[in-house]
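Have a look at the structure below before the remarks.
The values are calculated or read from the model by the stated rules, or taken from the named source; none is laboratory data. Small disclaimer: the values here were computed from a predicted structure and weren't measured. FYI the Cβ positions are ideal-geometry reconstructions off the backbone, even for glycines, and counts take in every protein chain you see. Please note that ligands, DNA and RNA were not included when accessible areas were found on the heavy atoms of the full protein model with its side chains. Shrake-Rupley method; radii C 1.70, N 1.55, O 1.52, S 1.80 Å.
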Amino acid sequence: MTFEAAMTAAKGGARIKRSGWINKSVAYDNTDTDNPKFMVTQTTTIDAPFLPSNDDMTKDDWVQA
């Protein structure tokens, strides 16, 4: 799916990733209603804000994790 479709899926509750990513996925965190954000989880222990690259935004290899 496209980047736009992937972000929409994440906002709908899906966990998403690029097809080549291993142990890394993105989810939408809206627990802080004043500051909802996309979060990336890597190796199930590191959570950080997701900052997509130009490559991430132009590829259509996004899938549900």
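Worth a mention:
- Residue in region 41-55 that is nearest to the chain's Cα centre (by Cα), counting only those that are open to solvent by 90 Å² or more (accessible area, probe 1.4 Å) and among the aliphatic types (A, V, I, L, M): Leu51
- Any chance Gly13 is surrounded by fewer than 10 Cβ atoms within 10 Å (Cβ to Cβ) and within 11 Å of the chain's Cα centre (by Cα): yes
- Residue ID - nearest to Ala65 (Cα to Cα), chosen from residues in region 19-40 that are touching a Lys or Arg at 6+ places or on another chain (Cβ under 7 Å) and open to solvent by less than 60 Å² (accessible area, probe 1.4 Å): Ser25
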